[in-house]
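One structure is given here, and the rest of the page talks about it.
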């Protein structure tokens, strides 16, 4: 029941602050991530951990991308510059497509998405919080190149990680019958 309660209580945080998980805690979290479903064990998922001074590097990459957008406002550039500092740690979700006769690209992306969910559940179990963000910086060739990714690699999102501060989001009570059909 403890595992089920962890799943049922997980919710994205509104606001994150220090502390973030320690290196030893992150090793466990990455082990949980790599237990995600992975057809043919091709291991399409990898992660880029960003914290401390590296947040400034990511900020510069986001601003560089913003400066390629025609007629972008100074307010949006400022938003891009500040984006990495909304949490003390970010884990960038990287999917590496590997040609395989039985495992199509979409299935490999879904494997990385389930790895992300495992990370979020592991964080929740360790009393940390997270937010999964995509937006203009995910699926972005320029950002991917600036992060040193290869042609067959793609950013599926950014997990902002830390300790939740402020008011916790209320978990809605969903009517299961609206989401489940029985044959």
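What to note about this one:
- Qualifying residue in the range 98-108 (condition: in contact with a strand residue (DSSP E or B) (Cβ under 8 Å, 6 or more places away or on another chain), touching a residue at least 40 places away in the same chain (Cβ under 8 Å) and surrounded by 17 or more Cβ atoms within 10 Å (Cβ to Cβ)): yes
- For residue 37: the one exception among (1) surrounded by 15 or more Cβ atoms within 10 Å (Cβ to Cβ); (2) touching a helix residue (DSSP H, G or I) at 6+ places or on another chain (Cβ under 6 Å): (1)
- The range 154-178 residues that are over 20 Å from residue 19 (Cα atoms), paired with ones that are at pLDDT below 95 and not in a loop (DSSP other than H, G, I, E, B) (beta carbon under 9 Å, 6 or more apart): 157/135; 171/8; 171/9
- Of note, residue 81 satisfies the criterion of being modelled with pLDDT of 95 or more, closer than 26 Å to residue 164 by Cα and in a helix (DSSP H, G or I).
- Residue match in the range 32-49 (condition: touching a strand residue (DSSP E or B) at 6+ places or on another chain (Cβ under 8 Å) and assigned to a helix (DSSP H, G or I)): yes
- Considering the conditions (1) outside any helix (DSSP H, G or I); (2) in contact with a helix residue (DSSP H, G or I) (Cβ under 7 Å, 6 or more places away or on another chain); (3) at negative phi, residue 142 is excluded by exactly one of them, (1).
- If the condition is being touching a residue at least 12 places away in the same chain (Cβ under 8 Å), outside any helix (DSSP H, G or I) and touching a helix residue (DSSP H, G or I) at 6+ places or on another chain (Cβ under 8 Å), then the range 50-69 contributes 50, 68.
- Residue under evaluation residue 6, criteria (1) within 30 Å of residue 173 (Cβ to Cβ); (2) surrounded by 13 or more Cβ atoms within 10 Å (Cβ to Cβ); (3) without any contact (Cβ under 8 Å) to a residue 12 or more places away in the chain, criterion not met: (3)
- Pick from the range 9-29, criterion part of a helix (DSSP H, G or I) and without any contact (Cβ under 8 Å) to a residue 40 or more places away in the chain, ranking: nearest to residue 169 (Cα to Cα): 26
The values are calculated or read from the model by the stated rules, or taken from the named source; none is laboratory data. Every value quoted in this text rests on a predicted model; they were computed, and no experiment measured them. Virtual Cβ from ideal backbone geometry, glycine too; neighbours counted across all protein chains shown.
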